[in-house]
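Heads up: the structure comes next, in structure tokens.
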Amino acid sequence: MSARFPRAATPLGPRARIAVVVAAVLLLAGGSVWYALHAEQRSEEQRADADVSFTLGGPALYFRDSATGRVAHQPLAGPPGARTTGGPACDRFYASGDTALCLRAEPGVLPKTYAIVLDRQLREMRRITVPGVPTRARVSASGRMLSWTVFATGDSYATTAFSTRTAVLDLRTGYLIKSMEEIPLTIDGVRYHAPDVNYWGVTFARDDNRFYATVSTKGRTYLVEGNMRDWSAKALRKNAECPSLSPDNTRIAFKKKVSDDPAAPWRLYVLDLRTMRETPLAETRSVDDQAAWLDDSTVAYALPGAAGRASDIWTVPADGTGAPRVAAAGGSSPVAVG
């Protein structure tokens, strides 16, 4: 039986060959235009994020500008309106030493966050992608240790229906702890285990080893003290959230639950770590923020503006005296640099 071969294709005529060539040229041209536009867009983003006029100099108050979504700064002792904008786009920001940390939300069906490590010129050095919505960011005084917290589920500390994921990054070694939940925890002198343990709001001591954070479990919150070398943590007291260690490492600013009203559950306090005595601050409104120390006597934080406006940055004395004042209208994530 003779073999059967496929019939040879009919050769294209001159007009058909021209049509094919024209289609190929248009396809290549379209791809080139898309690539050029995409490259130009990325170039514009990079130029905006690398504004050379925006550097970590001081003394200055750095913060997220609500109008632009970008990091801005103003003189630490200057009027609230004298700001310089043009930094990277961030949803949460913090800086210390030679390092800045920018948390940038990427919305979607499954939201994610970019944890972006920046140098003193706010140029990107490293980017880590994590699932969740950004909520807290901190850098140690040396700039070596970084920590961030994202909401894995839920978006408010005022409810119990949320889950957080807190990471720690050591820039010297490059070691990344993706979640702190496995750290051995001691409560009331006993090793504690529970599936609902959540950590958030890390703050580092000057030695880059000791740290403080919030732990929640069984409907309670605790202030915990941790040790990076030993990889251990112990509860110091109940009802303390979002700790922030003072520059002299002797006191912690934190928010304390004082009401069951979900619209206004917290008040700012300062805890003396030597005496464990707490002092309510002159800010009587409910603050849902991890406060930042501008110096050893002043605490800064963000509060929602009037009539649903973007948040404003306020400051208050850390000893319970005085009165709150606006430091930067339309801002959040305050930090003193310089």
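The values are calculated or read from the model by the stated rules, or taken from the named source; none is laboratory data. Everything quoted here is computed from the prediction, not taken from an experiment. Cβ coordinates were reconstructed from backbone atoms using ideal geometry, including for glycine residues, and neighbour counts include every protein chain displayed. Note: accessible area is taken over every heavy atom of the protein model, side chains too, but ligands, DNA and RNA are not part of it. Shrake-Rupley method; radii C 1.70, N 1.55, O 1.52, S 1.80 Å.
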Quick one: count up the residues across region 186-213 that are small (Gly, Ala, Ser), out of contact with any strand residue (DSSP E or B) (no Cβ under 7 Å at 6 or more places or on another chain) and assigned to a strand (DSSP E or B). 0
Index of the failed condition, residue 183 passing every other in (1) under 13 Å from residue 233 (Cβ atoms); (2) buried (at least 23 other Cβ atoms within 10 Å of the Cβ); (3) not acidic (Asp, Glu): (2)
Inside region 214-236, the number of residues satisfying the requirement of being in a strand (DSSP E or B) and either among the small types (Gly, Ala, Ser) or open to solvent by less than 30 Å² (accessible area, probe 1.4 Å) (or both) is 12
Considering residues of region 289-323 that are outside any strand (DSSP E or B) and open to solvent by less than 40 Å² (accessible area, probe 1.4 Å) only, the residue modelled with the lowest pLDDT: 305
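A quick yes/no check of all residues on (1) modelled with pLDDT of 90 or more; (2) open to solvent by 60 Å² or more (accessible area, probe 1.4 Å):
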| site | (1), (2) |
| --- | --- |
| 53 | no, yes |
| 66 | yes, no |
| 91 | yes, no |
| 97 | yes, no |
| 117 | yes, no |
| 120 | yes, yes |
| 149 | yes, no |
Per the list (1) in a strand (DSSP E or B); (2) over 15 Å from the mean Cα position of the chain (by Cα), residue check on residue 79 breaks on (1)
Residue match in region 247-258 (condition: in contact (Cβ under 8 Å) with a residue 24 or more places away in the chain, open to solvent by 60 Å² or more (accessible area, probe 1.4 Å) and part of a strand (DSSP E or B)): yes
Number of positions in region 122-132 that are open to solvent by 50 Å² or more (accessible area, probe 1.4 Å) and assigned to a loop (DSSP other than H, G, I, E, B): 1
Selection over region 170-180 where residues are surrounded by 11 or more Cβ atoms within 10 Å (Cβ to Cβ) and hydroxyl-bearing (Ser, Thr, Tyr) yields a count of 1
Residues (open to solvent by 10 Å² or more (accessible area, probe 1.4 Å), of a type outside the set (Lys, Arg) and either within 15 Å of residue 245 (Cα to Cα) or modelled with pLDDT of 95 or more (or both)) located in region 190-202: 190, 192
